[in-house]
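Report on one structure; see the data block that follows.
The values are calculated or read from the model by the stated rules, or taken from the named source; none is laboratory data. Since this is a predicted model, take the numbers as computed values, not measurements. All Cβ positions, glycine included, derive from the backbone under ideal geometry; neighbour counts span all protein chains shown.
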Amino acid sequence: MKIVVCVSHVPDTATRINVSGDGKNIDSTGVTYIVNPYDEFAIEEALKHKEKSGGETYVVSLGGDANKETIKKALAMGIDNGILLKDDSYRDSLSVAKALAAEIKSIGADLVFFGKQSVDYDSSAVGQLTAELLGMPLISVVVALSVEGSKVTAEREIEGGKEVIETTLPCVITTQKGLNEPRYASLKGIMAAKKKIIEEKPALAVANYVELLQMKRPPAKESGKIVGTDVSAVPELVRLLREEAKVI
Amino acid sequence: MSKVLVFLEQRNGIIKKASFEAARVAADIAGKTGSEVEAVCIGDEIESLEKAGNFSVPAVTHIKNKDFANYSSSAYASALAEHAQGASETVVVFANTSMAKEFAPLVAAKLDAGLAMDATAYQVDSTSFIVTRPVYAGKALIDVKITSPVKVLTLRPNVFNPGEPSGLKAAVTVKEVTKADLRSKVIETKKAEGKLDVAEADKIVSGGRGLKGPEHFTLIEELAEELGAAVGASRAVVDAGWRSHSEQVGQTGKTVSPNLYIAVAISGAIQHLAGMRSSKYIVAINKDKDAPIFQVADYGIVGDAFEIVPELIKEIKKIK
């Protein structure tokens, strides 16, 4: 059994975002980068699966040298092999997926995990695109998962509830908060990760169909009004909501 | 011939409201690009498909099979991609719901299409197709240009106005298909009992750590019920285990844009603001006058939530 986890390297969610000088990216000055939070659930699930059923685990990330930090974190948590698909330039979701799919195919994965979305571009698409390119079924936004033999049962979050979905291996799962509690890397894990070699190769070159024209700040919201500083302001608030905003 | 297709999402045979927003946008894009517009719905028995006519879409194809009654990502993607093939240039439009988030990218991969998810604005004509979408949970926006002949676009719900229904009826064609690609299928749907979901609600009342304990969320629930609103929560209270993650609003929870968002005892960490700042009207109730939530609020009351909220419930009861 080969298990692949795809991860991205993103700015910490507490980061204030400023647009860079060329107007096409964020200004990374002083920005702390982390493992994409949803990918931690993917890493944990891959490790749990290996502990239960055996197999070999791989972490794959597409990006520049900085992504090695995120790969190392996954290795320290216990993933066996690290692969960096090198490409520093802007890619649309489909071209990322094409490069990942080519790599996953050559590994020969039976089970592939992604976080349900990366918190930078927020497309929530690369896992699904990759699944389709691999010809594998997909279950996204998963909060509970069981794999018995080749039978896969998962619960995924939808509006106002959950769906229980059945499929079979090989398949792609995208993970949501609530699926598990990601472990911390142990000291032993961190030491072991230092000895693991991250395999680096150029990412498959493919054309973008979606060009990035510009990044901009959202329109500033005008500061609102303080209606009052105690309970006596409540009737006025209700009046404003009713007559000015017309929302109640 | 170029074509714009809009996917009408049904659950239990009923079309979702956000799909009509998407229908209006699809018709507008078709007008601006000189294309034909058609709605496509996948399901078994579906009510009132002719209503797409209300939103300027004159034709609906109902792709029908018993096994389409319940959603299946593989079956829906195969059926829709097959239907979309044939036109030289195609735009496929969806509302960005949990269903479309899952299977629109599958359709895009099948059609080798450029994809833009969760769009909040667009600017198109016969030569250029530009879409604006939020990134970093709304802390920034990007403008992207889709250059491929086939394009897949999902639209953030509650952003585009579906407009007044025109009263026109669409012509409905039923296309029975014999095969369904059921590699993945829904075997059960579990509804959270009687609860509105923050992702779909047009009013949300959210509570934060300032409420001091999970037991005080009854205040939030009561106000939400009075307003017909969904209950939301900040990350701090979800991480503390007071509320379920499905209620979390913010960068690692849900991004919402309701008409009314009431933040109670939430200070407004940057990752929370990112998830709700595009709400139409924001009310903040917080003891700390310097709390960042007041910077995005339209109306604020600086004060103790335990005093303000019960009074607010009372006042709202009065006007009903």
Check your understanding: Do the conditions hold for residue B:143, that is, is it farther than 18 Å from residue A:126 by Cα, surrounded by fewer than 24 Cβ atoms within 10 Å (Cβ to Cβ), away from chain A (no Cβ under 11 Å) and among the acidic types (Asp, Glu)?
Key -> no
Point to revise | Pick from the stretch B:278-302, criterion surrounded by fewer than 21 Cβ atoms within 10 Å (Cβ to Cβ) and at the interface with chain A (Cβ under 8 Å from one of its Cβ atoms), ranking: nearest to residue B:225 (Cα to Cα) | key: B:280
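Let's see how each residue does on (1) in contact with a strand residue (DSSP E or B) (Cβ under 7 Å, 6 or more places away or on another chain); (2) in the same structural domain as residue B:226 (by TED's automatic domain parsing); (3) among the hydrophobic types (A, V, I, L, M, F, W, C):
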| site | (1), (2), (3) |
| --- | --- |
| B:267 | yes, yes, no |
| B:276 | yes, yes, yes |
| B:307 | no, yes, no |
| B:312 | no, yes, yes |
Practice item. Might you check whether a residue that is within 9 Å of chain A (Cβ to nearest Cβ), free of Cβ contacts under 8 Å to residues at least 12 places away in the same chain and over 15 Å from the mean Cα position of the chain (by Cα) occurs anywhere in the stretch B:252-266? Key: no
Check your understanding: Among the residues of the stretch B:198-230, how many are within 13 Å of chain A (Cβ to nearest Cβ) and closer than 15 Å to residue B:272 by Cβ?
Key -> 3
Review point. Counting only residues that are farther than 28 Å from residue B:2 by Cβ and within 14 Å of chain A (Cβ to nearest Cβ), which one in the stretch B:146-180 is modelled with the lowest pLDDT?
Key: B:158
Exercise for review: Give the residues of the stretch A:102-117 that are buried (at least 24 other Cβ atoms within 10 Å of the Cβ) and closer than 21 Å to residue A:210 by Cβ, sorted by residue number.
Suggested key: A:114, A:115, A:116, A:117
Point to revise | the stretch B:54-95, residues that are assigned to a loop (DSSP other than H, G, I, E, B) and either more than 24 Å from the chain's Cα centre (by Cα) or crowded, with 24+ Cβ neighbours inside 10 Å (or both) | key: B:57, B:65, B:72, B:85, B:86, B:87, B:88
Point to revise | Pairs where the first residue, in the stretch B:86-98, is in contact (Cβ under 8 Å) with a residue 40 or more places away in the chain and on the phi < 0 side of the Ramachandran plot and the second is among the polar types (S, T, N, Q) and in a helix (DSSP H, G or I), C-beta under 9 Å, 6+ apart | key: B:89/B:33; B:91/B:33; B:94/B:19; B:95/B:19; B:97/B:19
Review point. Does the stretch A:10-17 contain at least one residue that is outside any loop (DSSP other than H, G, I, E, B), surrounded by 22 or more Cβ atoms within 10 Å (Cβ to Cβ) and touching a helix residue (DSSP H, G or I) at 6+ places or on another chain (Cβ under 9 Å)?
Key: yes
Practice item. State all residues of the stretch B:96-149 that are of a type outside the set (Val, Ile, Thr), in a helix (DSSP H, G or I) and farther than 17 Å from residue B:257 by Cβ; if no residue qualifies, say none. Key: B:99, B:102, B:103, B:104, B:105, B:106, B:108, B:109, B:110, B:111
Check your understanding: Yes or no: residue A:221 in contact with a strand residue (DSSP E or B) (Cβ under 9 Å, 6 or more places away or on another chain) and closer than 30 Å to residue A:138 by Cβ?
Key -> no
**Study point:** Residue in the stretch A:183-200 that is farthest from residue A:72 (Cα to Cα), counting only those that are hydrophobic (A, V, I, L, M, F, W, C) and out of contact with any helix residue (DSSP H, G or I) (no Cβ under 6 Å at 6 or more places or on another chain)
**Key:** A:187
Check your understanding: For residue A:119, are the conditions met, namely being farther than 18 Å from residue B:135 by Cβ and either within 14 Å of chain B (Cβ to nearest Cβ) or within 12 Å of the chain's Cα centre (by Cα) (or both)?
Key -> no
Check your understanding: Got a sec? Which of B:220, B:187 is surrounded by 19 or more Cβ atoms within 10 Å (Cβ to Cβ), of a type in the set (Val, Ile, Thr) and within 26 Å of the chain's Cα centre (by Cα)?
Key -> B:220
Practice item. Determine if the stretch A:62-83 includes at least one residue that is of a type in the set (S, T, N, Q) and either touching a Lys or Arg at 6+ places or on another chain (Cβ under 7 Å) or modelled with pLDDT under 95 (or both). Key: no
Study note, to complete from the structure: Within the stretch B:303-312, the residues that are surrounded by fewer than 18 Cβ atoms within 10 Å (Cβ to Cβ) and part of a helix (DSSP H, G or I) are B:306, B:307, B:310
Review point. Can we say residue A:94 is closer than 17 Å to residue A:175 by Cα, within 11 Å of chain B (Cβ to nearest Cβ) and modelled with pLDDT of 95 or more?
Key: no
Study note, to complete from the structure: All conditions in (1) assigned to a loop (DSSP other than H, G, I, E, B); (2) surrounded by fewer than 20 Cβ atoms within 10 Å (Cβ to Cβ); (3) within 8 Å of chain A (Cβ to nearest Cβ) are true of residue B:45 except (3)
**Study point:** the stretch A:159-182, subset touching a helix residue (DSSP H, G or I) at 6+ places or on another chain (Cβ under 6 Å) and touching a residue at least 12 places away in the same chain (Cβ under 8 Å), residue nearest to residue B:102 (Cα to Cα)
**Key:** A:174
Practice item. Among the residues of the stretch B:297-320, write down those that are among the β-branched types (Val, Ile, Thr) and closer than 30 Å to residue A:220 by Cα. Key: B:301, B:302, B:308, B:309
